[in-house]
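Colleague: Have a look at the structure that comes next, please.
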Amino acid sequence: MRTIDWVDGAVEIIDQTALPTVLRMLRLSTVEELVDAVRRLAVRGAPALGVAGAMGVALAAASGGSVARTAQLVHVIETARPTAVNLARGARRAAAQLPHGFDAVLAEALAVRDEEIASSVAMAKRGADLFAELCGPNPRLLTHCNTGGLACVTGGTALGVVVELHRRGALGGVIASETRPLLQGARLTAWELSQAGIPFRVAVDGAGPFLMARGEVDAVVLGADRVCANGDVVNKIGTYAHALGAKAAGIPFVVVAPESTVDNDTPTGAAVEIEDRDGAEVAGDLPAVNPAFDVTPHELVTAVVTDQRVLRFN
Ligand code: MRU
């Protein structure tokens, strides 16, 4: 099952807000519906957002408005969420085909989808090979947020590596960090691991560094919303704390992300706009601060595995 696809003239997504209780599809027929789904995280995860951005432009092209109106819609899509580079990138790729008509725009959107599917396969193999080299047999891994097929189209980034290690009989265990406040780890990663028949445990986010210090984790593996030119990694809030924990424990900290998430136009993490979400997600009526992402300096990163290469930093 694909997380996002183009079906009979509209975008179909798995509604990630309903999981793990209900597995249901949503059909998005207008740009407004698509942008709302992106903002509510009904579709989420950097690669999936890239496909959503591109398919959103196909919806804009299909709506048959003026050139100015279509450009306005493209802007709304690009900026629906600011941090994952894939969203604007996917939208711009499809928008570059607007002068050639709807069919060309849709073809580009489908190409973005297909490239993400292929990237997942390549990352899983390369990442699993790297863990064999870094950790030896049967590493016990900790992962954060959700980086499986739900965050992509199928397959996954970091979770794709976990699944591939399991397939090889070379996984010593996996801990899913729950990922407050929206619980992408406890809801989505746990659901995907259950579906794949992979044993796992969920831990509160704050337990990660302690579990590493106590020798219960051999490496951290997670994804990225943007990898900057200098290797700084922007990812789900809580990633930086896990990186500090990994550094203190002396274990590898590995980021798995497709080339579509590597942004050489952004020099460092300091240049990235971090999405601040509604405080109500954190603490109901209490005053709250809710950055959805953080920046992990490349000094704390062992390697970034993409679909084409391994970038080593430490
Ligand atoms: O706010 P989200 O759920 O879209 O955040 C997603 C993440 O931070 C993922 O870790 C990242 O996109 C990598 S997914 C392959």
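Colleague: Hey, among the residues in the stretch 177-194 that are in a loop (DSSP other than H, G, I, E, B) and touching a residue at least 24 places away in the same chain (Cβ under 8 Å), which one's most open to solvent (accessible area, probe 1.4 Å)?
Modeller: Per the stated criteria, the residue is Arg180.
Colleague: Suppose we keep only residues that are touching a helix residue (DSSP H, G or I) at 6+ places or on another chain (Cβ under 9 Å) and part of a loop (DSSP other than H, G, I, E, B) within the stretch 22-52. Which one would you say is nearest to Glu259 (Cα to Cα)?
Modeller: Gly45
Colleague: So, Pro267, is that one surrounded by fewer than 15 Cβ atoms within 10 Å (Cβ to Cβ), over 20 Å from Gly160 (Cα atoms) and not basic (Lys, Arg) or not?
Modeller: Considered against the rule, which asks whether it is surrounded by fewer than 15 Cβ atoms within 10 Å (Cβ to Cβ), over 20 Å from Gly160 (Cα atoms) and not basic (Lys, Arg), Pro267 comes out as yes.
Colleague: Let me ask something additional. Only one of Gly215, Gly206, Gly197 is more than 16 Å from the ligand (Cβ to nearest atom), closer than 26 Å to Glu273 by Cα and not hydroxyl-bearing (Ser, Thr, Tyr). Can you tell me which?
Modeller: Every option except Gly206 fails the conditions.
Colleague: Right, next: Going residue by residue through the stretch 239-260, is there one that turns out to be within 24 Å of Ala176 (Cα to Cα), within 14 Å of the chain's Cα centre (by Cα) and part of a helix (DSSP H, G or I)?
Modeller: The answer is yes, given that some residue of the stretch 239-260 is within 24 Å of Ala176 (Cα to Cα), within 14 Å of the chain's Cα centre (by Cα) and part of a helix (DSSP H, G or I).
Colleague: Test Ala42 against the criterion of being modelled with pLDDT of 95 or more, crowded, with 24+ Cβ neighbours inside 10 Å and either aliphatic (A, V, I, L, M) or under 22 Å from Arg187 (Cα atoms) (or both), and give yes or no.
Modeller: no
Colleague: Just to check your reading of the model, which residue among Val153, Val174, Val105 is surrounded by 22 or more Cβ atoms within 10 Å (Cβ to Cβ) and not assigned by TED's automatic domain parsing to the domain that holds Asp218?
Modeller: Val105
Colleague: Only one of these is in contact (Cβ under 8 Å) with a residue 12 or more places away in the chain and either of a type in the set (Asp, Glu) or open to solvent by 30 Å² or more (accessible area, probe 1.4 Å) (or both): Leu87, Leu110, Leu59. Name it.
Modeller: Selected residue: Leu110, the only one of Leu87, Leu110, Leu59 that is in contact (Cβ under 8 Å) with a residue 12 or more places away in the chain and either of a type in the set (Asp, Glu) or open to solvent by 30 Å² or more (accessible area, probe 1.4 Å) (or both).
Colleague: If I ask for residues that are more than 15 Å from the ligand (Cβ to nearest atom), open to solvent by less than 20 Å² (accessible area, probe 1.4 Å) and in contact with a strand residue (DSSP E or B) (Cβ under 7 Å, 6 or more places away or on another chain), which ones from the stretch 128-146 would you list?
Modeller: Passing the criteria: Leu130, Phe131, Pro139.
Colleague: Filter the stretch 270-314 down to the residues that are surrounded by 14 or more Cβ atoms within 10 Å (Cβ to Cβ) and charged (D, E, K, R) and list them by number.
Modeller: Glu275, Arg277, Glu281, Asp294, Asp307
Colleague: Residues of the stretch 276-314 being touching a strand residue (DSSP E or B) at 6+ places or on another chain (Cβ under 9 Å) and of a type in the set (Val, Ile, Thr), which ones?
Modeller: Answer for the stretch 276-314, where residues must be touching a strand residue (DSSP E or B) at 6+ places or on another chain (Cβ under 9 Å) and of a type in the set (Val, Ile, Thr): Val289, Val295, Thr296, Val301, Thr302, Val304, Val305, Thr306, Val310.
Colleague: Follow-up question, since we're still on this one. Among the listed residues Gly155, Gly160, Gly149, identify the single one that is under 19 Å from the mean Cα position of the chain (by Cα), within 10 Å of the ligand (Cβ to nearest atom) and without any contact (Cβ under 8 Å) to a residue 40 or more places away in the chain.
Modeller: Result: Gly155 is the single residue among Gly155, Gly160, Gly149 that is under 19 Å from the mean Cα position of the chain (by Cα), within 10 Å of the ligand (Cβ to nearest atom) and without any contact (Cβ under 8 Å) to a residue 40 or more places away in the chain.
Colleague: Can you say whether Arg24 is within 16 Å of the ligand (Cβ to nearest atom) and open to solvent by 60 Å² or more (accessible area, probe 1.4 Å), as far as the supplied structure shows?
Modeller: It is false that Arg24 is within 16 Å of the ligand (Cβ to nearest atom) and open to solvent by 60 Å² or more (accessible area, probe 1.4 Å).
Colleague: Also, I was wondering about something else. Pick out the one residue from Val51, Val112, Val121 that is among the β-branched types (Val, Ile, Thr) and under 24 Å from Thr179 (Cα atoms).
Modeller: Val51 is the lone residue from the list that is among the β-branched types (Val, Ile, Thr) and under 24 Å from Thr179 (Cα atoms).
The values are calculated or read from the model by the stated rules, or taken from the named source; none is laboratory data. Remember, predicted model here, so these are calculated numbers, not experimental data. Note that we place each Cβ from the backbone using ideal geometry, even for glycine, and neighbour counts take in every protein chain shown. Surface areas here come from the heavy atoms of the whole protein model, side chains and all, with no ligands, DNA or RNA. Shrake-Rupley method; radii C 1.70, N 1.55, O 1.52, S 1.80 Å.
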